[in-house]
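A short worksheet on the structure shown next.
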Amino acid sequence: MDKLQFLVFVSVALFALGLLGVIVRRNLLVMLMCMELMLNGVNLSLVSFAQQTGTASGAVLVFLIFVVAAAEIAVAIPIVLLLVRRKRTLETDAYSDLKG
Amino acid sequence: MEALLQNLDTLLVYVFGVAALVAGALMIVLRHPMQVAMALISAMVFLGGVYGLLGVHFIAAFQVLIYVGAVMVFMVYAIMLLDVRDKSYTQRFSRFLVLGIAGAVIFVGVLVYGFAHGQHASARASVSFGLQQFASAFLNEYWLHFELTSVLLVAAVVAAMAVIRGSKRHG
């Protein structure tokens with residue numbers, strides 16, 4: 001397994017771990033952090049492919065992902081704060097009445 | 001000596017990659033959100049090390065500055081603010097545990113199978129690009145995306161304020 005293959009495998013595994021965390025954990029904040037882990041996996045694959053091909057486009061996309069992650073956290077944390085203020089819990093099952 | 005240094009570079013990439021994977025796995029297992037945040041921060045720092053070893057030093061710096069320095073500090077503050085002891089502390093996993101693990105195993109398994117049996121593009125020697133090339137590409141070709149990014153950030157700030165204000169009106 002050469003370096004590029006290894007890095008792509010790590011990025012896929014990080015994405016899978018993040019997805020697994022979003023599905024199986026019940027804490028809202030932990031789910032948010034697992035989403036960040038998914039973004040990090042995508043970043044790693046973008047950087048390794050950009051490095052392989054020598055083009056800067058992948059690095060530009062990584063920067064845009066940084067911005068999207070910052071914006072996501074800036075909006076998600078106030079929403080979590082409000083949810084907790086309403087029900088005093090971080091558990092996702094408590095919010096199952098939000099559907100629809 | 002030169003060959004040893006090059007090998008050391010590759011070896012460190014492998015070590016940091018495995019360490020990032022271990023930290024990611026710890027995120028699933030650990031109980032308290034603060035421990036999960038620390039595992040995520042270490043995963044991000046390890047990935048920053050990988051970026052630095054690949055030669056994209058500016059992305060490594062921004063990984064540490066933006067992700068660890070801004071996003072995760074914000075997250076850690078939120079965790080400290082919301083120290084709610086509820087059922088999600090004693091029972092870590094939801095009822096989708098078996099389903100989720102099976103799905104993740106299948107996902108990774110299919111991709112590993114693809115790696116093992118697919119056709120590989122021949123791995124070329126990695127071409128390095130510097131900050132100058134990145135900066136000129138960023139501000140010549142992708143200037144529109146750069147400007148749209150600022151619009152997105154302003155929209156996020158306005159949205160965060162609107163969420164708080166809207167909740168005050170209703171609550």
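The values are calculated or read from the model by the stated rules, or taken from the named source; none is laboratory data. All of these numbers come straight from a predicted model, not from anything done at the bench. Heads up, the Cβs are rebuilt from the backbone with ideal geometry, glycines too, and the neighbour counts pull from every protein chain shown.
Checked against (1) closer than 19 Å to A:Val84 by Cα; (2) crowded, with 17+ Cβ neighbours inside 10 Å; (3) over 14 Å from the mean Cα position of the chain (by Cα), B:Leu81 meets all criteria but (2).
Hey, can you tell me all the residues within the stretch B:31-42 that are free of Cβ contacts under 8 Å to residues at least 24 places away in the same chain and buried (at least 23 other Cβ atoms within 10 Å of the Cβ)?
Of the stretch B:31-42, the ones free of Cβ contacts under 8 Å to residues at least 24 places away in the same chain are B:35-36, B:38-39, B:42.
Of everything in the stretch B:31-42, just one residue is free of Cβ contacts under 8 Å to residues at least 24 places away in the same chain and buried (at least 23 other Cβ atoms within 10 Å of the Cβ), namely B:Val36.
Here's a check for you: in the stretch B:68-86, which residue that is in a helix (DSSP H, G or I) and more than 7 Å from every other protein chain (Cβ to nearest Cβ) is farthest from A:Val30 (Cα to Cα)? Walk me through how you get there before you give the answer.
Let us first name the residues in the stretch B:68-86 that are in a helix (DSSP H, G or I), namely B:68-81.
From what is left, the residues that are more than 7 Å from every other protein chain (Cβ to nearest Cβ) are B:68-69, B:72-73, B:76-77, B:80-81.
Working: B:Val68: 16, B:Gly69: 18, B:Met72: 12, B:Val73: 14, B:Val76: 11, B:Tyr77: 14, B:Met80: 13, B:Leu81: 14 Å.
Applying the filter and picking the extreme gives B:Gly69.
Report yes if A:Arg26 is among the basic types (Lys, Arg), more than 24 Å from B:Gly69 (Cα to Cα) and free of Cβ contacts under 8 Å to residues at least 60 places away in the same chain, otherwise no.
On the way: among the basic types (Lys, Arg): yes; more than 24 Å from B:Gly69 (Cα to Cα): yes; free of Cβ contacts under 8 Å to residues at least 60 places away in the same chain: no.
In short, no.
Number of residues in the stretch A:69-89 that are more than 7 Å from chain B (Cβ to nearest Cβ) and within 14 Å of the chain's Cα centre (by Cα) equals 2. Flag set for A:Val62, criterion: within 7 Å of chain B (Cβ to nearest Cβ) and within 17 Å of B:Val56 (Cβ to Cβ).
Select from the stretch B:92-103 the residues that are surrounded by 14 or more Cβ atoms within 10 Å (Cβ to Cβ) and either in a helix (DSSP H, G or I) or not hydrophobic (A, V, I, L, M, F, W, C) (or both) and list them in ascending order.
First, pick out the residues of the stretch B:92-103 that are surrounded by 14 or more Cβ atoms within 10 Å (Cβ to Cβ): B:92-94, B:96-97, B:100-101, B:103.
Residues satisfying the conditions are B:Arg92, B:Ser94, B:Leu97, B:Gly100, B:Ile101, B:Gly103.
Against the condition touching a residue at least 40 places away in the same chain (Cβ under 8 Å) and not basic (Lys, Arg), how does A:Thr92 come out, does it pass? Show your work before the answer.
Working: touching a residue at least 40 places away in the same chain (Cβ under 8 Å): yes; not basic (Lys, Arg): yes.
When the stated conditions are applied, A:Thr92 passes them.
Among the candidates A:Val42, A:Val30, A:Val47, which residue alone is surrounded by fewer than 21 Cβ atoms within 10 Å (Cβ to Cβ) and either part of a helix (DSSP H, G or I) or touching a His at 6+ places or on another chain (Cβ under 9 Å) (or both)?
Details: A:Val30 fails: surrounded by fewer than 21 Cβ atoms within 10 Å (Cβ to Cβ); A:Val47 fails: surrounded by fewer than 21 Cβ atoms within 10 Å (Cβ to Cβ).
None of the other options fit; the residue is A:Val42.
Taking the stated definitions as given, is A:Val68 buried (at least 19 other Cβ atoms within 10 Å of the Cβ), of a type in the set (A, V, I, L, M, F, W, C) and assigned to a helix (DSSP H, G or I)?
Details: buried (at least 19 other Cβ atoms within 10 Å of the Cβ): no; of a type in the set (A, V, I, L, M, F, W, C): yes; assigned to a helix (DSSP H, G or I): yes.
Considered against the rule, which asks whether it is buried (at least 19 other Cβ atoms within 10 Å of the Cβ), of a type in the set (A, V, I, L, M, F, W, C) and assigned to a helix (DSSP H, G or I), A:Val68 comes out as no.
All conditions in (1) at pLDDT below 95; (2) at the interface with chain A (Cβ under 7 Å from one of its Cβ atoms); (3) within 19 Å of A:Leu19 (Cα to Cα) hold for B:Gln35, with the sole exception of (2). May I ask you to say which residue of A:Leu14, A:Leu19, A:Leu4, A:Leu37 is within 12 Å of the chain's Cα centre (by Cα), at the interface with chain B (Cβ under 7 Å from one of its Cβ atoms), within 23 Å of B:Val18 (Cβ to Cβ) and surrounded by fewer than 20 Cβ atoms within 10 Å (Cβ to Cβ)? One residue alone meets the criteria, A:Leu19.
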